[in-house]
Amino acid sequence: MRGITTVPPQTKVDSDLTATPSERPMVRVHELRKEFGEHVVLDGVSLDVQRGQVVCLIGPSGSGKTTLIRCVNCLERPTDGEIWIDGVRIDAVERKGRWVPAPERELLKHRVSTGMVFQNFNLFPHLTAFENITYAPRVVRGTSSDELRDRAFDLLRRVHLEDKADHFPSQLSGGQQQRIAIARALAMGPSVMLFDEATSALDPELVGDVLGVMSDLAREGMTMIVVTHEMGFARDIADNVVFMDQGKIIEQGRPEKVLGDPEHRRTQDFLRRVVHR
Amino acid sequence: MTGWDLLPAVLKNISGTLALTAAVIAASTVLALVLAPLTRSPHRLVRLPMKAYTYIGRALPPLTFLFGAFFGLAAAGVQVAPFMAAFIAFVVFATAYNIEIIRGGLEAVPRGQYEAARSLGVPPRRAMLGLIMPQALRIATPAYLTRMTGIVKDTSLASVIGVSELTAAAGRMVVFEPDAALLLYGAVGLVYFALASVIIAVQHLLERRFPPSYAK
């Protein structure tokens, strides 16, 4: 229950906020609940993601994966539970020893620590690729234009699109748009990157480019939570695979275990359906 | 005196029509840009008055606003010149429409655009100004400029409270020279046609320069 504790409760990964930064989890989700009216989308989800870890969330549609990362990005307000990023609780603030829901302006600050990549890219269509990447750092941080330029081209190189700086989203393929969207999210220097089915809206031949950029990020040590249906990516890149169903985490562990030899019946059924598509 | 002799005296009142139209378009556009986002406020106390205003503003005839501003203000002890009364009336009237047209544009901007702005930590007001409104205005341009051509013609109603604009001037002359009615009102009609054409040209220019499909 949202209440009196100031230190997040222990979970099976033995670390807490008194731990040094390198030991405490980058993301800690504790007993997260989200209801839309009568409908329970998240039913007590707890998840730790360590610094530099890549966690893939898999599961049938409607299982709550997307809602979970939208809560971590503060796009949705949890009904109950706690979200901590790098030792800071983001969904609530402490007032006189009690946790109260964080006001919108607090959430605004926290959103910067998580970079979100959407299924439908959501690039700003009236801005060029360069402007899409630099808009938030410019207006939120007031970064100087020289620095913006350098950083934007550095990011464009990382997503292999340095020649597309002046292109508008409508002039780019879906895969290129998604890579610009990744660069845009990285531009605010987030500590965690969240991917919401980042390749689901792409033509099959464009998926590889985007997954390639995501793999590069993972190798560079970015902490990532990835909602995906790409089982190959999950197997090759993830440190942990989390299977969700009906708002609960059913099973989690190393990819070879969860994907190769799952314990739970529901995980087995799901994987059979996905593989035999 | 023939109608042709009277024509210049009528046409010089084009300045009244132009001044009223330009002032109303400018003021109602600024007001609508500021007020339209409030129609989507999460706070009911902000949203409901906006809803009531745009409802009433669209449901009542423009003459009601004209008489309201002219006689109503006078009854309240505020003396305003006819031009000022017409300006106030048309701004109140036109802004209600403009808000609704811009709101339509705002509604048409995909939800994901708002979410992308939020997820990047862009404060709501900055997001509205730099990210959402530019997209909404592209969508709203055809309807909005069409409404502006309406304002040009609506200003002719100001003649009933004695504003010196084209229609009023033609009316005054026709009283003296009824035979000139066709010529004078015909000429006035052509002027409105020309003014509306300018706005239509601006609309096509904007649509080409800022296509809502972003195709280049």
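Since every read-out is calculated from the coordinates, none of them should be taken as a lab result. None of the values given here were measured: they were computed from a predicted structure. As a convention, Cβ positions derive from the backbone with ideal geometry for all residues, glycine included, and neighbour counts pool all protein chains shown.
For A:Lys257, the aspartates and glutamates whose Cα falls under 12 Å of its own Cα, not counting residues fewer than eight places away in the same chain, are A:Asp239.
Using only the C-alpha atoms, the convex hull of region A:49-129 corresponds to 139 Å³ per residue.
Centre-to-centre, using Cα atoms only, region B:1-79 and region A:98-137 are separated by 39 Å. Can you give the net charge of the other residues whose Cβ lies under 14 Å from the Cβ of B:Gly105, counting K and R as +1 and D and E as -1? After counting each charged neighbour, the total is +1. Taking B:Phe176, B:Phe67, B:Phe87 as the candidate residues, the one with maximal mean-square fluctuation in a Gaussian network model of chain B, Cα springs under 10 Å, is B:Phe176. Comparing A:Ile250, A:Ile58, A:Ile225 in a Gaussian network model of chain A (Cα springs below 10 Å), the most mobile by mean-square fluctuation is A:Ile250.
For A:Val54, the residues whose amide H sits under 5 Å from its own are A:Met224, A:Asp239, A:Asn240, ignoring neighbours fewer than 5 places away on the same chain, with H placed 1.01 Å from N. Sorting B:Arg125, A:Arg184, B:Arg47 from the fewest to the most surrounding beta carbons within 10 angstrom yields B:Arg125, B:Arg47, A:Arg184. With only the Cα atoms considered, region B:25-70 has a convex hull volume of 81 Å³ per residue. Secondary-structure-derived ellipticity at 222 nm for the protein assembly as shown, considering helices only, amounts to -16000 deg cm²/dmol, per-run term -39500 (n - 2.57) for DSSP H runs with n ≥ 4. Per residue of A:176-189, other chain Cβ atoms within 10 Å of the residue Cβ number 1 on average. Annotation: the residues A:Glu38, B:Glu165, A:Glu205, A:Glu162, sorted from fewest to most other C-beta atoms within 10 Å of their own C-beta, follow the order A:Glu38, A:Glu205, A:Glu162, B:Glu165.
Between beta-carbons, use under 10 Å as the cut-off and find the net charge around A:Val49, counting Lys and Arg +1, Asp and Glu -1. List each step's numbers first, then the result.
Working: positive: A:Arg28, A:Arg51; negative: A:Asp48, A:Asp239.
Around A:Val49, the charge tally is 0.
Using the Stokes-Einstein relation with a Kirkwood hydrodynamic radius computed over Cα pairs, the translational diffusion coefficient of the protein assembly as shown at 37 °C and a viscosity of 0.692 mPa s comes to 124 µm²/s.
Neighbours of B:Ala36 by Cβ distance under 11 Å: Lys/Arg scored +1, Asp/Glu scored -1, total 0. For peptide A:127-139, the mean count of partner chain Cβ atoms within 10 Å of a residue's Cβ comes to 3.
Mean partner shielding of peptide B:110-117, defined as the number of other chain Cβ atoms within 10 Å of each residue Cβ, is 6. In terms of other Cβ atoms within 10 Å, A:Met214, B:Met50 run from fewest to most in the order B:Met50, A:Met214. In the calculated pair-distance distribution of chain A, the portion above 33 angstrom amounts to 22 percent of the Cα-Cα pairs. Using the Kyte-Doolittle scale, which helices in chain B average at least 0.5 and also have C-alpha atoms spread 30 Å or more along the helix axis, with helices defined as whole DSSP H runs? Long hydrophobic helices here: B:14-35, B:82-108, B:181-209.
Partner aspartates and glutamates whose Cα lies under 16 Å from the Cα of B:Lys51, excluding those fewer than 8 positions away in the same chain, are identified as B:Glu100, B:Glu107.
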